[in-house]
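What follows is calculated from the coordinates using simple rules that are stated; it is not laboratory data. Just so it is clear, the model here is predicted, and its values are computed rather than measured. Glycine also receives a Cβ, built like all others from the backbone with ideal geometry; neighbour counts cover every protein chain displayed.
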């Protein structure tokens, strides 16, 4: 969730891994295989990340992550 005091986006370790894998161009199925998670779990992480970054698309989320120096 966003920290209301400094607007910093706080990610869990798993969210950070998924975000970095998405930034590397990996598909959800590839991420699921590498992290040994189900495809629905990866889709859930993607939706959660988009919500945290207040982004409509994965591309927008990645751009915001770069702009905020998270990636």
Checklist entry - Can you tell me which residues in the range 18-41 are over 18 Å from residue 55 (Cα atoms) and either assigned to a helix (DSSP H, G or I) or touching a strand residue (DSSP E or B) at 6+ places or on another chain (Cβ under 7 Å) (or both)? => result 29, 30, 31, 32, 33, 34, 35, 39, 40, 41
Checklist entry - In the range 42-64, what residues are in a helix (DSSP H, G or I) and touching a strand residue (DSSP E or B) at 6+ places or on another chain (Cβ under 8 Å)? => result 52
Checklist outcome for this item: Scanning the range 4-17 residue by residue, the ones that are under 16 Å from residue 58 (Cβ atoms) and assigned to a helix (DSSP H, G or I) total 3
